[in-house]
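Here is the structure we will look at.
The values are calculated or read from the model by the stated rules, or taken from the named source; none is laboratory data. Values in this document were obtained by computation on a predicted structure and should not be read as measured data. Here the Cβ is made from the backbone with ideal geometry for all residues, glycine too, and neighbour counts use every protein chain on show. Accessible surface is based on the protein model in full, side chains and every heavy atom, while ligands, DNA and RNA are left aside. Shrake-Rupley method; radii C 1.70, N 1.55, O 1.52, S 1.80 Å.
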Amino acid sequence: MSVRISPSILSADFANLERDLARISDADLVHVDVMDGHFVPNLTLGLPVVERLQQVSPVPLDVHLMVEDADRWAPRYAELGAFSVTFSAEAAADPVATARAIRSTGARASIAVKPGTDLEPYLQTLDEWDMILVMTVEPGFGGQSFMPETMPKLARAREAVRASGLDVWLEVDGGIGLDTIVTAVENGADTVVAGSAVYGGEPAERIAALRAAAATVALSS
């Protein structure tokens, strides 16, 4: 299994986002965290900035919305041309309708669940999702420690996807480094968000190191 690496620009230099996007041109995706200061305490980027990132990014945008009223906002980010739009299960009144609205734009629809949120209801509608994001930290802040107690949920998602035969990606976000990427991939992740683990040094070297660490799982499995 080839693991996709999605560096988070939450760890980039916000004064030099175009430069820092160019530095991850060998990644698979770029993770764009949109926070509204309500659903989560932090405030980051909005529609105009994401639209500009879409215009200059060398890799597809993996937009992650941590905002209230996801039913309203998620389709609007998809309309900008994002490759994938993830919204929080806890912020959507009608997740399936929102996923369908995202897909109608040509974007991939993804749902995210907090560490304490039950995943089972969303596994019952697997055909509505292109990706499921299992948060491995509480959403809203970068630099948190990986929560290993989320791994049974990830493993359960992998079991359900395998049984369904559907091509649903499984993403993890939070606390990912050279050791925890191995744990995540062992439990079924195929798409991995990494912030400081990429931007904390030379991004190209860090991405290569994460790929190598993930590949040890594939080689041993």
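Given the conditions (1) more than 15 Å from the chain's Cα centre (by Cα); (2) over 17 Å from Val63 (Cα atoms), and given that Leu154 satisfies all but one, which numbered condition is not satisfied?
If we test Leu154 against (1) more than 15 Å from the chain's Cα centre (by Cα); (2) over 17 Å from Val63 (Cα atoms), just (1) comes out false.
Can you tell me which residue in region 188-217 is farthest from Leu133 (Cα to Cα), limited to those that are under 16 Å from the mean Cα position of the chain (by Cα) and part of a loop (DSSP other than H, G, I, E, B)?
Gly195
Of the residues Gly188, Gly200, only one is surrounded by fewer than 23 Cβ atoms within 10 Å (Cβ to Cβ) and either over 21 Å from Thr86 (Cα atoms) or among the hydrophobic types (A, V, I, L, M, F, W, C) (or both); which?
Exactly one residue qualifies, and that residue is Gly200.
Give region 161-199 a look and list any residue that's touching a helix residue (DSSP H, G or I) at 6+ places or on another chain (Cβ under 7 Å) and touching a residue at least 60 places away in the same chain (Cβ under 8 Å), or say none.
Ile181, Val185, Ala189, Val192, Ala194, Gly195, Ser196, Val198, Tyr199 - these are the residues of region 161-199 that are touching a helix residue (DSSP H, G or I) at 6+ places or on another chain (Cβ under 7 Å) and touching a residue at least 60 places away in the same chain (Cβ under 8 Å).
Within region 49-61, is even one residue in contact with a helix residue (DSSP H, G or I) (Cβ under 7 Å, 6 or more places away or on another chain), hydroxyl-bearing (Ser, Thr, Tyr) and open to solvent by less than 10 Å² (accessible area, probe 1.4 Å)?
No, there is no match, as no residue in region 49-61 is in contact with a helix residue (DSSP H, G or I) (Cβ under 7 Å, 6 or more places away or on another chain), hydroxyl-bearing (Ser, Thr, Tyr) and open to solvent by less than 10 Å² (accessible area, probe 1.4 Å).
Would it be correct to say that Ala157 is in a loop (DSSP other than H, G, I, E, B), surrounded by 20 or more Cβ atoms within 10 Å (Cβ to Cβ) and touching a helix residue (DSSP H, G or I) at 6+ places or on another chain (Cβ under 7 Å)?
So Ala157 does not fit the description; no.
List, please: which pairs have Cβ atoms under 9 Å, are six or more places apart or on different chains, and start with a residue in region 32-47 that is exposed (fewer than 15 other Cβ atoms within 10 Å of the Cβ) and end with one that is of a type in the set (Lys, Arg)?
Leu47/Arg76
Is it the case that some residue within region 71-93 is of a type in the set (Val, Ile, Thr), open to solvent by 30 Å² or more (accessible area, probe 1.4 Å) and either in contact with a strand residue (DSSP E or B) (Cβ under 6 Å, 6 or more places away or on another chain) or at pLDDT 95 or above (or both)?
no
Looking at region 1-12, which of its residues are part of a loop (DSSP other than H, G, I, E, B) and either at pLDDT below 95 or under 14 Å from the mean Cα position of the chain (by Cα) (or both)?
Result: Met1, Ser2, Val3.
I'd like the full set of residues that are open to solvent by less than 20 Å² (accessible area, probe 1.4 Å) and closer than 16 Å to Arg103 by Cβ, limited to region 118-132.
Leu126, Trp129, Met131, Ile132
Test of understanding: among Ser104, Ser110, which residue is open to solvent by less than 10 Å² (accessible area, probe 1.4 Å) and of a type in the set (S, T, N, Q)?
Just one listed residue meets the conditions, Ser110.
Can you go through Asp62, Asp28 and tell me which one is in contact (Cβ under 8 Å) with a residue 24 or more places away in the chain and closer than 14 Å to Phe87 by Cβ?
Matching residue, one of Asp62, Asp28: Asp62.
Modelled with pLDDT of 95 or more and under 23 Å from His64 (Cα atoms): which single residue out of Ala163, Ala213, Ala209, Ala194 fits that description?
Criteria check complete, one pass: Ala194.
For region 119-160, which residues satisfy the criterion of being within 20 Å of His64 (Cβ to Cβ), of a type in the set (D, E, K, R), at pLDDT 95 or above and in contact with a Lys or Arg (Cβ under 9 Å, 6 or more places away or on another chain)?
Answer for region 119-160, where residues must be within 20 Å of His64 (Cβ to Cβ), of a type in the set (D, E, K, R), at pLDDT 95 or above and in contact with a Lys or Arg (Cβ under 9 Å, 6 or more places away or on another chain): Glu128, Asp130.
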